[in-house]
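Participant: Provided herewith is a single structure, encoded as structure tokens, for subsequent inquiry.
The values are calculated or read from the model by the stated rules, or taken from the named source; none is laboratory data. All figures in this text were calculated on a predicted structure; none of them were measured in a lab. Cβ sites come from the backbone with ideal geometry, for glycine too, and all protein chains shown count toward neighbours.
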Amino acid sequence: MTQQTIDIAAESLSDDERALVDDFLRDNTLFLAPDREIMRNHAHGPRSRDEERVLSGEPDPHALNLVRGRLYAALDETYDMVEQMGTAPGAKWGDLVTGIYTARGDLSAISPKGVVVFSGICHYPIKFIAKYWAKDPTVGLSEGDGFIHNDSRYGNIHNTDQSMIMPVFHEGELICWVSSTIHEGENGACEPGGMPAAAESKWDEGLKMSPFRIVEDFQIRRDLLTYLQNSVRDPKLQYEDIKVKLHACVRLIERIRAVIAKYGKDAFVGCLRKNIEDVDAEVRRRIREMPDGTVRVQAFIDGTLRENCLMKWNFSVTVKGEKMILDCRGSCPEFTNRSINTTLASLKTCLATSYLIYIWPDLPHNMAVFSPIEVLTDENSLLDASFDAPNAMSLTPLFKSFSMPIYAMAKFLYSAPKRYTSVYASHFNQPFTFVYGGITQHSEVTGNFCADINGNGGGARFDRDGEHAVSPIFGYMCDTGEQEFNEEELPVLRLVSQHLSKDRMGFGKYRGGLGYEQMITARDSDVWGFMTGGTGSFHPSAYGLFGGYGSPAYPLAKVKDVNVFDVLKSNPRQFRFDMVELMNEQALEGATYGTYHMGMTFEPAAQGEVYMICQGSGGGYGDVLERDPELVMKDVEEELLSPDLARELYFVVFDEATLIVDAAATAAARDAERKARLARGRPYAEFVADWCTAEPPEDLPYYGSWDDPKVIWAGQGETRRQLDADTLAGIMMPNPKDLRIAELEAEIAELKRRQAGA
Amino acid sequence: MKVFMTEYLAIDLARELWQCRRCDHEIGPARGNYKEGLLVYDRDPREIHRPLLDPAKYRLTFSPHPRWCRILEFYCPGCGTLVETEYTVPGHPPLHDMDFDIDALKAQWKDRPPMHEPAPAPADEPPLKRHCHGHSH
């Protein structure tokens with residue numbers, strides 16, 4: 001029976017009959033899957049009776065402000081606790097948050113330095129706990145309970161993140177919830193480190209924890225903890241970080257009790273709710289300030305981490321009055337056997353975070369920033385995947401989701417009489433880093449990721465260049481880690497750790513900030529390996545703004561079949577501590593050199609083999625011909641830009657020895673280039689008549705709409721299909737190894753045929 | 001009154017026209033797609049993002065693949081300013097990216113004072129004044 005049939009049948013029932021049916025269904029539910037009513041509603045709810053009583057009584061705003069200050073201090077304190085004590089690399093470098101929610105589970109405040117997405121998503125499992133476990137006689141809800149969860153289908157970004165959620169009671173009454181979340185990494189997936197690109201079903205993705213109680217009376221249940229430790233590669237990590245998150249929540253509860261003791265429960269309840277309502281009112285006011293209309297943007301993801309294909313991310317923003325609609329329809333369909341799908345709740349939380357970080361960073365961080373905004377998607381698409389779709393590497397579309405509002409909102413906000421932040425080209429938007437796993441030099445089994453994921457280059461602004469390797473796109477306070485610290489713990493050596501390398505930037509009047517190059521190798525372990533989980537090796541990932549160019553396309557480079565430590569011992573001058581020189585010179589005898597797309601699944605690495613990646617640049621802003629020649633020279637001097645590009649892209653005429661600009665010759669060269677543009681540019685109508693095609697290029701594996709968001713193209717060549725966006729079904733991809741075997745078998749057959757013919 | 005819509009585009013509300021902010025070239029009707037009044041060039045992305053690794057040795061070189069990516073460059077026909085870049089797929093229709101309700105825009109700006117330049121970004125936070133105790137006191 002479909003949900004629609006149930007709904008129609010339910011409508012014909014009397015109230016008594018409906019109550020009977022509800023009771024029957026509640027008592028006879030086979031499996032409590034994620035609740036659609038909870039999971040598809042991102043907005044905060046109406047006031048509770050208690051909140052209405054408090055706020056209709058005109059509470060003292062000064063008292064509320066004092067409460068707010070105390071709560072933020074407590075959130076900041078608990079963030080620092082987790083960062084100082086946490087074991088996961090993500091915890092050490094800031095991929096964490098603590099948060100406070102109203103009694104009904106609406107997010108009110110998060111730690112100021114924290115990763116917004118982690119708390120922004122936690123209201124979903126809290127609402128699940130409140131709806132299902134609180135009244136269930138086998139579970140219940142009591143003081144000192146702590147619930148753990150990580151399954152994004154119940155509300156999470158991806159299942160490497162684990163949360164501790166605790167209810168807070170005052171005189172027996174539930175008054176709020178607190179949470180602490182860390183990107184833990186290892187979770188028992190088919191690849192170490194918790195982000196399995198190789199997962200072909202949800203069963204390959206490791207722990208899938210629906211919310212359950214692991215803490216009773218403030219004590220961790222050892223039986224359940226042991227089960228979790230037994231399910232992952234790093235039982236020490238699993239134990240330690242549950243304790244850390246529990247203690248952060250306990251500290252938050254202590255601070256909340258102190259606030260209530262001083263200011264009273266009503267001031268506390270009123271403050272939590274007022275935080276939400278004030279943000280909601282301010283967001284609606286800011287939307288009204290914008291021009292009415294529609295801005296359309298699109299982006300293309302160039303791989304599933306298993307194969308290269310182009311996946312469209314279709315996005316438009318429509319503003320009318322105080323209403324804003326984000327329309328993601330026409331995007332790529334879901335892949336039933338690839339782990340890059342995302343749930344709708346994860347998508348919405350990342351979009352909301354983009355608004356909090358890049359559009360209105362001055363607002364208090366809570367869910368109300370997104371309550372006035374509506375999101376439209378195609379169900380069973382990459383962005384709104386079904387319950388059965390794997391999603392452990394949802395970062396693939398989600399990292400883009402932070403960029404989409406940045407691209408679109410710049411065109412709504414440029415005209416605004418008042419700016420709340422700078423006009424910004426996109427931050428780099430790929431999770432470029434090394435994920436690792438194996439047995440360490442200390443004989444411990446582990447799997448996790450390097451914090452270099454946090455080194456994304458910043459986008460250019462309308463009045464200045466982007467910052468180099470400044471932060472991950474999802475947070476602004478995360479660090480890239482201490483390499484020496486990592487090397488003490490892991491059998492990994494950085495031959496080049498964080499080197500800004502020239503010419504890899506989004507060019508423009510203001511350029512994007514660069515990412516950094518890394519060379520990494522395994523040492524002191526014969527059981528070790530790496531994976532990477534990025535895209536953007538064929539089609540750039542971050543685009544520019546208002547005439548600025550985007551990031552380049554970044555490959556993974558490897559030097560295999562060599563032990564670089566032997567080379568460094570016997571002939572150190574052969575080695576180059578520079579990716580481009582090392583790869584182009586190919587000086588290491590017997591070594592195998594290659595470049596690959598950034599979606600490498602887990603691969604064993606012999607000691608001394610070299611893996612190289614480069615963190616990405618943010619987008620550029622404005623016309624390259626308007627870049628101040630002195631800024632161009634500064635980039636040349638700092639070896640961020642080669643002299644050739646200064647001449648050929650920026651059209652600066654200068655003395656290469658002194659870097660002194662010839663201003664008159666530069667102006668003339670730029671004028672000549674403007675004239676050249678006029679000569680080579682074609683009138684729009686004439687251009688599109690030749691350019692536009694009815695469908696994607698035949699040989700290009702393409703997934704998503706083309707000119708009509710209702711029609712979804714899937715595949716290439718003879719096997720390409722057209723799907724109806726309203727009735728999307730998932731796409732099953734062939735195993736790339738099977739395709740390769742078939743290709744090789746065909747070659748063998750052809751060789752045999754020729755041999756027989758000869 | 002002119003409303004600054006992007007770094008290079010303005011809308012003249014009274015005349016309902018898209019205009020170039022560098023040379024005042026009249027690009028086209030504000031109720032239409034401004035791109036229709038610009039010149040377009042199909043840029044091979046390898047000309048901008050040049051190969052850093054030797055293309056004779058490697059398939060992936062830091063350059064986008066020209067069959068997977070093209071850059072549409074939109075130039076002002078008056079002054080040659082690069083107004084927009086659009087990273088796209090060969091043959092994909094250019095986006096009608098900005099489609100504003102001109103009547104609503106007029107109503108919105110009716111009571112707003114004209115702006116002579118775009119609004120500044122919020123001022124950077126002033127540096128914290130540190131209260132230091134040296135050893136010399």
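Participant: Would you mind finding the one in A:LEU493, A:LEU500, A:LEU556 that is over 24 Å from B:LEU52 (Cα atoms) and in contact with a strand residue (DSSP E or B) (Cβ under 6 Å, 6 or more places away or on another chain)? Give the steps one after another, and end with the answer.
Facilitator: Numbers: A:LEU500 fails: over 24 Å from B:LEU52 (Cα atoms); A:LEU556 fails: over 24 Å from B:LEU52 (Cα atoms).
Criteria check complete, one pass: A:LEU493.
Participant: Moving to a separate point now. Consider B:LEU38 carefully, then state whether it is buried (at least 23 other Cβ atoms within 10 Å of the Cβ), farther than 19 Å from A:GLY618 by Cα and not acidic (Asp, Glu).
Facilitator: Considered against the rule, which asks whether it is buried (at least 23 other Cβ atoms within 10 Å of the Cβ), farther than 19 Å from A:GLY618 by Cα and not acidic (Asp, Glu), B:LEU38 comes out as yes.
Participant: Given B:PHE4, B:PHE62, which one is at positive phi and either more than 7 Å from chain A (Cβ to nearest Cβ) or not β-branched (Val, Ile, Thr) (or both)?
Facilitator: Just one listed residue meets the conditions, B:PHE62.
Participant: Given the residues A:SER537, A:SER525, which is the only one that is out of contact with any helix residue (DSSP H, G or I) (no Cβ under 8 Å at 6 or more places or on another chain) and either within 12 Å of chain B (Cβ to nearest Cβ) or among the basic types (Lys, Arg) (or both)?
Facilitator: A:SER537
Participant: Taking A:PRO192 as the residue in question, decide whether it is part of a strand (DSSP E or B), over 22 Å from A:LYS348 (Cα atoms) and not acidic (Asp, Glu).
Facilitator: no
Participant: Same structure, new question: Would you check which residues across segment A:110-150 are among the acidic types (Asp, Glu) and in contact (Cβ under 8 Å) with a residue 24 or more places away in the chain and list them?
Facilitator: Restricting attention to segment A:110-150, the residues satisfying the condition of being among the acidic types (Asp, Glu) are A:136, A:143, A:145.
Once the filter is applied, which keeps residues that are among the acidic types (Asp, Glu) and in contact (Cβ under 8 Å) with a residue 24 or more places away in the chain, segment A:110-150 yields A:GLU143, A:ASP145.
Participant: Of all residues in segment B:65-106, which are in contact (Cβ under 8 Å) with a residue 60 or more places away in the chain, more than 7 Å from chain A (Cβ to nearest Cβ) and in contact with a strand residue (DSSP E or B) (Cβ under 6 Å, 6 or more places away or on another chain)?
Facilitator: Result: B:CYS76, single match.
Participant: Further, regarding this structure: Please verify whether A:TYR650 is in contact (Cβ under 8 Å) with a residue 40 or more places away in the chain, within 14 Å of chain B (Cβ to nearest Cβ) and either aromatic (Phe, Trp, Tyr) or loosely packed, with under 15 Cβ neighbours inside 10 Å (or both), treating the condition exactly as stated.
Facilitator: Here the answer is yes, as A:TYR650 does meet what is asked.
Participant: For segment A:183-227, which residues satisfy the criterion of being under 30 Å from A:ALA134 (Cα atoms) and aliphatic (A, V, I, L, M)?
Facilitator: A:LEU207, A:MET209, A:ILE214, A:VAL215, A:ILE220, A:LEU224, A:LEU225
Participant: Which members of segment A:428-482 meet the condition of being within 20 Å of A:TRP360 (Cβ to Cβ), under 16 Å from the mean Cα position of the chain (by Cα) and modelled with pLDDT of 95 or more?
Facilitator: Answer for segment A:428-482, where residues must be within 20 Å of A:TRP360 (Cβ to Cβ), under 16 Å from the mean Cα position of the chain (by Cα) and modelled with pLDDT of 95 or more: A:ASN429, A:GLY458.
Participant: Return the total of residues in segment A:248-301 being surrounded by fewer than 23 Cβ atoms within 10 Å (Cβ to Cβ), among the charged types (D, E, K, R) and away from every other protein chain (no Cβ under 14 Å).
Facilitator: Number of matching residues: 13.
Participant: When you check A:SER231 against the structure, is it modelled with pLDDT of 95 or more, surrounded by fewer than 17 Cβ atoms within 10 Å (Cβ to Cβ) and in a loop (DSSP other than H, G, I, E, B), yes or no?
Facilitator: Details: modelled with pLDDT of 95 or more: yes; surrounded by fewer than 17 Cβ atoms within 10 Å (Cβ to Cβ): yes; in a loop (DSSP other than H, G, I, E, B): yes.
Yes.
Participant: What residue, of A:SER525, A:SER497, is polar (S, T, N, Q), in a loop (DSSP other than H, G, I, E, B) and over 22 Å from A:TYR424 (Cα atoms)?
Facilitator: Only one candidate qualifies: A:SER525.
Participant: Quick one: in segment A:414-443, of everything that is crowded, with 24+ Cβ neighbours inside 10 Å, among the aliphatic types (A, V, I, L, M) and assigned to a loop (DSSP other than H, G, I, E, B), which residue is farthest from the other protein chains (Cβ to nearest Cβ)?
Facilitator: A:ALA425
Participant: Here is a further query. Return the pairs, sorted by first residue and then second, in which the second residue is part of a helix (DSSP H, G or I) and of a type outside the set (D, E, K, R), the first residue lies in segment A:667-681 and is within 7 Å of another protein chain (Cβ to nearest Cβ), the beta carbons are less than 8 Å apart, and the residues are 6+ apart or on different chains.
Facilitator: Pairs that qualify, where the first residue is within 7 Å of another protein chain (Cβ to nearest Cβ) and the partner is part of a helix (DSSP H, G or I) and of a type outside the set (D, E, K, R), are A:ARG674/A:LEU625.
Participant: Another question about this same structure. Criterion first (touching an Asp or Glu at 6+ places or on another chain (Cβ under 6 Å), assigned to a loop (DSSP other than H, G, I, E, B), more than 22 Å from A:LEU347 (Cα to Cα) and not assigned by TED's automatic domain parsing to the domain that holds A:GLY185) does A:THR446 satisfy it? Spell out how you get there, then give the answer.
Facilitator: Working: touching an Asp or Glu at 6+ places or on another chain (Cβ under 6 Å): yes; assigned to a loop (DSSP other than H, G, I, E, B): no; more than 22 Å from A:LEU347 (Cα to Cα): yes; not assigned by TED's automatic domain parsing to the domain that holds A:GLY185: yes.
Answer is no for this residue.
Participant: Looking only at segment A:691-720, count how many residues are more than 12 Å from every other protein chain (Cβ to nearest Cβ) and acidic (Asp, Glu).
Facilitator: Number satisfying all stated conditions: 1.
Participant: OK, next. Being under 26 Å from the mean Cα position of the chain (by Cα), under 30 Å from A:GLY206 (Cα atoms) and modelled with pLDDT of 95 or more: is that true of A:VAL283 here?
Facilitator: So A:VAL283 does not fit the description; no.
Participant: Here is a further query. Between A:PRO235, A:PRO211, A:PRO192, which is touching a helix residue (DSSP H, G or I) at 6+ places or on another chain (Cβ under 7 Å) and touching a residue at least 40 places away in the same chain (Cβ under 8 Å)?
Facilitator: A:PRO211
Participant: In segment A:360-408, what residues are assigned to a helix (DSSP H, G or I) and out of contact with any strand residue (DSSP E or B) (no Cβ under 9 Å at 6 or more places or on another chain)?
Facilitator: A:VAL369, A:LEU395, A:LEU398, A:PHE399, A:PHE402
Participant: Taking into account only those residues within segment A:501-518 that are in a strand (DSSP E or B) and within 14 Å of another protein chain (Cβ to nearest Cβ), which is farthest from the chain's Cα centre (by Cα)? If you could, list the steps in order and put the result at the bottom.
Facilitator: We begin by selecting, within segment A:501-518, every residue in a strand (DSSP E or B); these are A:510, A:516-518.
In the following step, the residues that additionally are within 14 Å of another protein chain (Cβ to nearest Cβ) were identified as A:510, A:517.
Working: A:TYR510: 25, A:GLU517: 21 Å.
Once the filter is applied, the top-ranked residue is A:TYR510.
Participant: Still on this model: Out of the residues in segment A:307-330 meeting the condition of being out of contact with any Lys or Arg (no Cβ under 6 Å at 6 or more places or on another chain) and not in a strand (DSSP E or B), tell me which one is surrounded by the fewest Cβ atoms within 10 Å (Cβ to Cβ).
Facilitator: Once the filter is applied, the top-ranked residue is A:GLY321.
Participant: Hey, can you tell me all the residues within segment B:100-137 that are modelled with pLDDT under 60 and of a type in the set (Gly, Ala, Ser)?
Facilitator: Of everything in segment B:100-137, those that are modelled with pLDDT under 60 and of a type in the set (Gly, Ala, Ser) turn out to be B:GLY134, B:SER136.
Participant: With the condition being under 34 Å from the mean Cα position of the chain (by Cα), exposed (fewer than 12 other Cβ atoms within 10 Å of the Cβ) and modelled with pLDDT under 95, I'd like the helices (runs of 4 or more DSSP H) fully within segment A:2-69 carrying at least 1 qualifying residues.
Facilitator: Result: A:3-11.
Participant: Looking at segment A:585-639 only, could you name the residues that are surrounded by 18 or more Cβ atoms within 10 Å (Cβ to Cβ), part of a helix (DSSP H, G or I) and without any contact (Cβ under 8 Å) to a residue 40 or more places away in the chain?
Facilitator: Once the filter is applied, which keeps residues that are surrounded by 18 or more Cβ atoms within 10 Å (Cβ to Cβ), part of a helix (DSSP H, G or I) and without any contact (Cβ under 8 Å) to a residue 40 or more places away in the chain, segment A:585-639 yields A:PRO629, A:VAL632, A:MET633, A:VAL636.
Participant: Within segment A:118-132, is even one residue in contact with a Cys (Cβ under 8 Å, 6 or more places away or on another chain) and either among the β-branched types (Val, Ile, Thr) or modelled with pLDDT under 95 (or both)?
Facilitator: Within segment A:118-132, not a single residue is in contact with a Cys (Cβ under 8 Å, 6 or more places away or on another chain) and either among the β-branched types (Val, Ile, Thr) or modelled with pLDDT under 95 (or both).
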